[in-house]
Each structure stands twice: as structure tokens, then as C-alpha cells.
Amino acid sequence: MKIVSLVPSVTETLLAWNIEPTACTRFCEQPSLRHVGGTKDPDIASIVALRPDLVVVDREENRKEDADALIAQGITVCDLHVVSVHDVSREMQRLSDLVGGPTLELSERVEQELRSIAFVPIWRRPWMTISEKTYGATLLRCLGIEVFQPDSPDAYPTLSDDDLAGIAAQMVLLPTEPYVFSERHIAEVQERTGISDVRIIDGKDLFWWGARTNDALARLGKDLARL
């Protein structure tokens, strides 16, 4: 079966199932596989030329117009939609049914009692964060951490410098993607927010779902045990 994955989480999951995609995006971090553009700018012509049996997209990761363009070319598209930890089992089973993969068994995770509120920036210049509507927020909630919620209806709100100074949180979690936060950003964030507890966490564990989810919960839980 010729599968094109436009979702890094899906590419990782397929490989964990011993199913090698015909092609993927450059953000899937699989240099040995053929690349067909990015998640937001896939090379539609190249994908069509591969004549895949299935293209996998995700509503949060990819653009509807790109999925529609593939469908218009007669290509079968699997449109996944994961915005919560609790969506993963259902959507991975949908994918597995299409590609002949296994059943993904997720450990039962009950949301823990709230222990802390965290500010989780995902970009700078401009500063952006995640809201409670995102997969990453639900993952942290399973670990007893609520994300700081700006006064915005957006899933990924933008914040001004003044907003940063008024954040009501006990800690800051700096994920290593989509923006590559690192140790060199800690002092800047401490100064801008006035929050001393600033930690680097694995962005893939926070935002990539699928085969990674169980281990990601365990790793992040261990990393965040000191509250």
C-alpha cells in the first residue's frame, strides 16, 4: 500500500507499526524517506504523481484546501482530527483500519488533581501560547498541570510584551518545538514573565500523538514531578 503522510505524528506511528510511508513531509524528520513539501505547503503535484493509495492529513496540522485539492485529483484522503489525548485511540484505530496496523492501546489516564498552572509559549516574535483547546493542554492536564489561558478565543493566542508581564502562572514550560526553545532562552523568559521556574521540555512529547503518546506521558510526568 502506497501511503503519503503529511503529519509528523502519523509518520512516526506508521514506522512504529513497521509500515513505511512512500513519502512524508520535511518536518517528519525522516531523511531516508521521500519528502513532498511541508505540512502547510505540500507539493500537490508530486503527491499526485506518486499515485498513492492513501494520503493522511490532520485538521490541526494541515490545510483543508490542500486536502480538497488531493481529493479533487481522485486521491483517497484520511482526515484525522486530534485535539485531545482522548481522541488518540479513536483516530489511531481509524488509521489502523485503513492501513492494516495494530490496535493502539493507550494507558488509562485520569486527569490528576490540579497541582500547578503553567505558561507554555510555542513561539516568540510574536509570542504565542496554547489554550485549553489543544492536544498539548489535555496532555498536561493528565499530569495535573493546567495551561495559562489568555483572554482569547483562539486555540493558539498571540501575546504582547505587556501580556507576558501579567501572566498568572507558577511555572513556564518551554517546548523544543515548534519554536526551538533552549537553555539560552530561560533568562529572557524569567525576566519577561517574572516567573523563576522555567523548564525546557521535549516538544515532540508535548505535541506529537499516536505511537508516542504513552511514553510521552511517562517521560513528561517524570520531568515535571518536581513541582
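Structure above, values below:
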item	result
Segment 206-219 residues that are outside the structural domain of S84 (by TED's automatic domain parsing), paired with ones that are buried (at least 20 other Cβ atoms within 10 Å of the Cβ) and aromatic (F, W, Y) (beta carbon under 7 Å, 6 or more apart)	F207/Y135; W209/Y135
Within segment 196-227, tally of residues that are surrounded by fewer than 19 Cβ atoms within 10 Å (Cβ to Cβ) and in a loop (DSSP other than H, G, I, E, B)	6
Counted residues, segment 2-28 - those being surrounded by fewer than 24 Cβ atoms within 10 Å (Cβ to Cβ), touching a residue at least 60 places away in the same chain (Cβ under 8 Å) and touching a Gly at 6+ places or on another chain (Cβ under 7 Å)	3
Any hit, segment 29-44, residues being surrounded by 15 or more Cβ atoms within 10 Å (Cβ to Cβ), within 20 Å of N214 (Cβ to Cβ) and under 18 Å from the mean Cα position of the chain (by Cα)	no
Matching entry among V88, V82 (being touching a residue at least 60 places away in the same chain (Cβ under 8 Å), outside any loop (DSSP other than H, G, I, E, B) and touching a Phe, Trp or Tyr at 6+ places or on another chain (Cβ under 7 Å))	V88
2 or more residues outside the structural domain of T134 (by TED's automatic domain parsing) and of a type in the set (S, T, N, Q): qualifying helices (runs of 4 or more DSSP H) within segment 1-77	8-16
Any hit, segment 58-70, residues being touching a Phe, Trp or Tyr at 6+ places or on another chain (Cβ under 8 Å), of a type in the set (G, A, S) and either surrounded by 15 or more Cβ atoms within 10 Å (Cβ to Cβ) or closer than 30 Å to R219 by Cα (or both)	no
Elements of type strands (runs of 3 or more DSSP E) contained in segment 107-188, each with 3 or more residues being out of contact with any Lys or Arg (no Cβ under 6 Å at 6 or more places or on another chain) and in contact (Cβ under 8 Å) with a residue 40 or more places away in the chain	116-119, 121-123, 171-175
Scan of segment 23-46 for residues that are under 28 Å from T103 (Cβ atoms) and in contact with a strand residue (DSSP E or B) (Cβ under 6 Å, 6 or more places away or on another chain), ordered by number	A23, C24, Q30, L33
Some residue of segment 76-94 being over 19 Å from the mean Cα position of the chain (by Cα), surrounded by 15 or more Cβ atoms within 10 Å (Cβ to Cβ) and at pLDDT 95 or above	yes
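The values are calculated or read from the model by the stated rules, or taken from the named source; none is laboratory data. Everything numeric in this text was worked out from a predicted model, so none of it was measured. Every residue, glycine among them, receives a Cβ derived from its backbone with ideal geometry; neighbour counts consider all protein chains shown.
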